[in-house]
1. For Cys23, Cys46, Cys54, give me the order by solvent-accessible area with a 1.4 Å probe, most accessible first, ignoring ligands, DNA and RNA.
2. What distance in nm lies between label points placed 7 Å from Cα along the C-beta direction at Cys54 and Trp17?
3. Protein chains only, probe 1.4 Å: how do Glu52, Glu40 rank by accessible area, largest first?
4. Rolling a 1.4 angstrom probe over the protein chains, ignoring ligands and nucleic acids, what is the accessible area of Phe42 in square angstrom, nearest 10?
Amino acid sequence: MSDVDVAGSCAAGPQMWATLWYCNHCNALVSIQSSQAVDEAFCPACLEAPLEFCGRFNGFPGLQVCDA
């Protein structure tokens, strides 16, 4: 048995924001999740072009698993 108190052990982290970006060069769609504002980003797939900002949302969308 452990005597560790787990009820209050999780500290709240910083507010996370997710942004969606699009690369016109290679058609990649990129999501960046950060606790700081992101004003400019470069494509991690092709490393050629700056990404075009598509939108921002707070929180992370949940994944749904279902039978096909």
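The values are calculated or read from the model by the stated rules, or taken from the named source; none is laboratory data. Everything numeric here is computed off the predicted structure, so don't read it as measured data. Neighbour counts are summed over all protein chains in view; Cβ atoms, including those assigned to glycine, are modelled from backbone coordinates with ideal geometry. For the accessible areas, the whole protein counts, side chains as well, though only heavy atoms, and no ligand, DNA or RNA atoms are used. Shrake-Rupley method; radii C 1.70, N 1.55, O 1.52, S 1.80 Å.
1. Of Cys23, Cys46, Cys54, the descending order of accessible area is Cys54, Cys46, Cys23.
2. 1.8 nm
3. Working: Glu52 90, Glu40 125 Å².
Highest to lowest solvent-accessible surface, that is Glu40, Glu52.
4. 130 Å²
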